[in-house]
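Trainee: This is the structure I want to talk about, given as structure tokens.
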Amino acid sequence: KDYDEAEKNYRKALELNPTLSNTIGNYANFLCDIRENYDKAEKYYRKVLELEPNHLIVNGNYAAFFHTNRKNYNEAEKYYHKALELAPNIMYANCNYIELLLVVDRTKEAIAYFKKSCELKQEIGDSLNLISSYLGLAGAYAKNGSYKDAFEFMEKYNSLKDTMNLQEQARALEELET
């Protein structure tokens with residue numbers, strides 16, 4: 001992978017138009033995830049939010065940056081709240097915020113967000129990610145000492161996982177028959 005070439009292209013694009021918030025945000029992600037240059041990435045995240053304070057994706061990415069790279073949970077929460085204020089049903093921000101709540105031992109709040117996440121995933125028919133929410137909810141309930149609820153969501157997890165495995169096996173068998 002030619003990361004040097006990619007960085008050169010980002011710089012050229014920003015030279016031509018230094019106010020393209022999506023490009024600046026993508027470059028910040030590149031600096032964070034590929035180059036691991038957190039100070040420089042933070043500078044570019046801030047630049048986007050100066051240009052466009054309500055940029056949904058960058059608010060979410062900046063929150064994740066504080067959460068995972070800086071371990072600054074107060075700042076992370078601030079930006080997760082902003083992203084969720086802009087789009088309450090955005091899945092990745094809800095899921096990342098749940099992780100933050102679990103890290104800071106706010107399990108009851110995490111459970112509430114897990115439930116919301118399950119509802120969203122059921123509404124859109126996202127069974128694959130619903131499985132992970134059931135498992136996470138079971139773990140959160142167990143951590144909270146609510147073992148009956150933990151067991152209930154482990155059963156939901158296992159049931160949905162089994163159903164999806166059977167559906168996949170049926171599809172594979174159908175392909176073999178044709």
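The values are calculated or read from the model by the stated rules, or taken from the named source; none is laboratory data. Treat the numbers as computed from the prediction; the structure is a model and nothing was measured. With ideal geometry, Cβ positions are generated from the backbone for all residues, glycine too; neighbour counts draw on all protein chains shown. The area values use the complete protein model at the heavy-atom level, side chains included, leaving out ligands, DNA and RNA. Shrake-Rupley method; radii C 1.70, N 1.55, O 1.52, S 1.80 Å.
Trainee: Please state which one of TYR79, TYR141, TYR147 is closer than 20 Å to PHE65 by Cα and among the hydroxyl-bearing types (Ser, Thr, Tyr).
Mentor: Of TYR79, TYR141, TYR147, the one residue that is closer than 20 Å to PHE65 by Cα and among the hydroxyl-bearing types (Ser, Thr, Tyr) is TYR79.
Trainee: In addition: So, in the range 1-16, exactly how many residues are open to solvent by 60 Å² or more (accessible area, probe 1.4 Å) and either farther than 21 Å from ALA64 by Cβ or of a type in the set (Lys, Arg) (or both)?
Mentor: Going through the range 1-16 one residue at a time, the tally reaches 10.
Trainee: List the residue pairs whose Cβ atoms are under 8 Å apart, where the first residue sits in the range 77-101 and is aliphatic (A, V, I, L, M), the second is assigned to a loop (DSSP other than H, G, I, E, B), and the two are 6 or more positions apart or on different chains.
Mentor: ALA83/ILE90; LEU84/ILE90; LEU86/ASN54; MET91/ASP126; ALA93/ALA87
Trainee: Out of the residues in the range 26-52 meeting the condition of being hydrophobic (A, V, I, L, M, F, W, C) and under 15 Å from LEU14 (Cβ atoms), tell me which one is most open to solvent (accessible area, probe 1.4 Å).
Mentor: That would be LEU51.
Trainee: Right, another one. Would you confirm whether or not the range 114-129 contains a residue that is at pLDDT below 95 and aromatic (Phe, Trp, Tyr)?
Mentor: For the range 114-129, residues at pLDDT below 95 and aromatic (Phe, Trp, Tyr): present.
Here is a yes/no grid of residues against (1) open to solvent by 10 Å² or more (accessible area, probe 1.4 Å); (2) at pLDDT below 95; (3) assigned to a helix (DSSP H, G or I):
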residue	(1), (2), (3)
ASN54	yes, no, no
ASN59	no, no, yes
HIS67	yes, no, yes
GLU75	yes, no, yes
TYR79	yes, no, yes
ALA93	no, yes, yes
LEU101	no, no, yes
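Trainee: Looking at (1) within 25 Å of HIS55 (Cβ to Cβ); (2) touching a residue at least 12 places away in the same chain (Cβ under 8 Å); (3) of a type outside the set (A, V, I, L, M, F, W, C), can you tell me which one THR107 breaks?
Mentor: Unmet for THR107, out of (1) within 25 Å of HIS55 (Cβ to Cβ); (2) touching a residue at least 12 places away in the same chain (Cβ under 8 Å); (3) of a type outside the set (A, V, I, L, M, F, W, C): (1).
Trainee: Return a yes/no flag: does the range 152-171 have any residue that is outside any helix (DSSP H, G or I) and either touching a Ser or Thr at 6+ places or on another chain (Cβ under 9 Å) or open to solvent by 60 Å² or more (accessible area, probe 1.4 Å) (or both).
Mentor: Checking the range 152-171: not a single residue is outside any helix (DSSP H, G or I) and either touching a Ser or Thr at 6+ places or on another chain (Cβ under 9 Å) or open to solvent by 60 Å² or more (accessible area, probe 1.4 Å) (or both).
Trainee: Could I ask something else about it? Looking at LYS143 and the list (1) out of contact with any Phe, Trp or Tyr (no Cβ under 6 Å at 6 or more places or on another chain); (2) more than 24 Å from ASN29 (Cβ to Cβ); (3) of a type outside the set (S, T, N, Q); (4) without any contact (Cβ under 8 Å) to a residue 40 or more places away in the chain, which single condition is not satisfied?
Mentor: The single condition LYS143 does not satisfy is (4).
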